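For reference, the structure discussed in these notes is given below.
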Amino acid sequence: MNIPERAPGQARIGIAVAVPEPYATELAAARSAAGDPLAALIPPHITLLGPTVIDQADLDKVRDHLEEVAASMRPFEVVLRGTATFRPVSPVVFVALAQGIAECETIESRVRTGMLAQDLRFNYHPHVTIAHEVPDDRLDKAFEALRDFEARFQVGGFWQYEHGDDGVWRPQREFGLRR
């Protein structure tokens with residue numbers, strides 16, 4: 001995972017749609033079974049903004065921006081179905097979105113404006129990671145393990161997470177969709 005350095009007085013944040021229970025537990029267990037060392041540190045989610053460093057003094061401005069984005073969107077349904085991979089470009093296996101892609105893309109493009117504007121390393125593709133940077137045989141195992149996985153849930157908001165010094169991503173605040 002590409003984690004930017006953080007200096008004193010800064011926070012490392014990420015913005016994501018949280019995968020609800022009971023699916024979160026099942027997806028976290030699959031990531032752990034694949035031997036992914038980040039399984040216990042990163043809750044199952046659909047990334048909207050990857051790890052980003054901001055000055056703590058700007059957190060209120062970021063929250064205002066995220067409130068505006070949330071106010072511009074209405075709740076939507078996500079359907080997760082089956083597995084896919086970014087190999088050979090990136091050693092990642094994920095659960096794919098079968099529904100909710102356009103809404104996630106819209107939120108992502110709105111979040112990544114203003115003070116959160118940034119260039120992406122790869123084109124945005126909403127997904128839920130279940131194995132990352134593990135040996136190929138473990139990627140294959142993760143791919144097979146959830147090949148028939150399916151989940152359906154309502155998305156009523158997205159979360160701002162903060163990356164702690166212990167490496168754990170913790171939810172800080174939810175932004176409810178309300179258009």
**Prompt:** R6 versus (1) at pLDDT 95 or above; (2) in a loop (DSSP other than H, G, I, E, B): which is the lone unmet condition?
**Reply:** (1)
**Prompt:** Going through region 1-47 one residue at a time, which ones are surrounded by 18 or more Cβ atoms within 10 Å (Cβ to Cβ) and free of Cβ contacts under 8 Å to residues at least 24 places away in the same chain?
**Reply:** A28, A39
**Request:** Report yes if some residue within region 155-169 is modelled with pLDDT of 95 or more, within 13 Å of the chain's Cα centre (by Cα) and charged (D, E, K, R); otherwise report no.
**Result:** yes
**Within region 48-62, tally of residues that are surrounded by 14 or more Cβ atoms within 10 Å (Cβ to Cβ) and out of contact with any helix residue (DSSP H, G or I) (no Cβ under 8 Å at 6 or more places or on another chain)** = 4
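Condition first: more than 18 Å from A40 (Cα to Cα), of a type in the set (A, V, I, L, M) and part of a strand (DSSP E or B). Can you find one or more residues in region 99-111 that meet it?
As a first pass, look at region 99-111 and keep what is more than 18 Å from A40 (Cα to Cα): 99-111.
Now narrow it down to the ones that are of a type in the set (A, V, I, L, M): 101-102, 107, 111.
Applying the additional criterion that residues be part of a strand (DSSP E or B) yields none.
Looking through region 99-111, none of the residues is more than 18 Å from A40 (Cα to Cα), of a type in the set (A, V, I, L, M) and part of a strand (DSSP E or B).
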**Single residue of T47, T83, T52 found to be touching a Leu at 6+ places or on another chain (Cβ under 6 Å), outside any loop (DSSP other than H, G, I, E, B) and either farther than 16 Å from A16 by Cα or not small (G, A, S) (or both)** = T83
**Complete:** Per the list (1) farther than 24 Å from Q172 by Cα; (2) over 16 Å from the mean Cα position of the chain (by Cα); (3) surrounded by 14 or more Cβ atoms within 10 Å (Cβ to Cβ), residue check on V92 breaks on (2)
**Prompt:** Which condition number does A30 fail, the rest of (1) closer than 30 Å to V89 by Cβ; (2) of a type outside the set (V, I, T); (3) modelled with pLDDT of 95 or more; (4) not in a helix (DSSP H, G or I) being met?
**Reply:** (4)
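The values are calculated or read from the model by the stated rules, or taken from the named source; none is laboratory data. Quantities reported herein were computed from a predicted structural model and do not represent experimental measurements. Cβ sites come from the backbone with ideal geometry, for glycine too, and all protein chains shown count toward neighbours.
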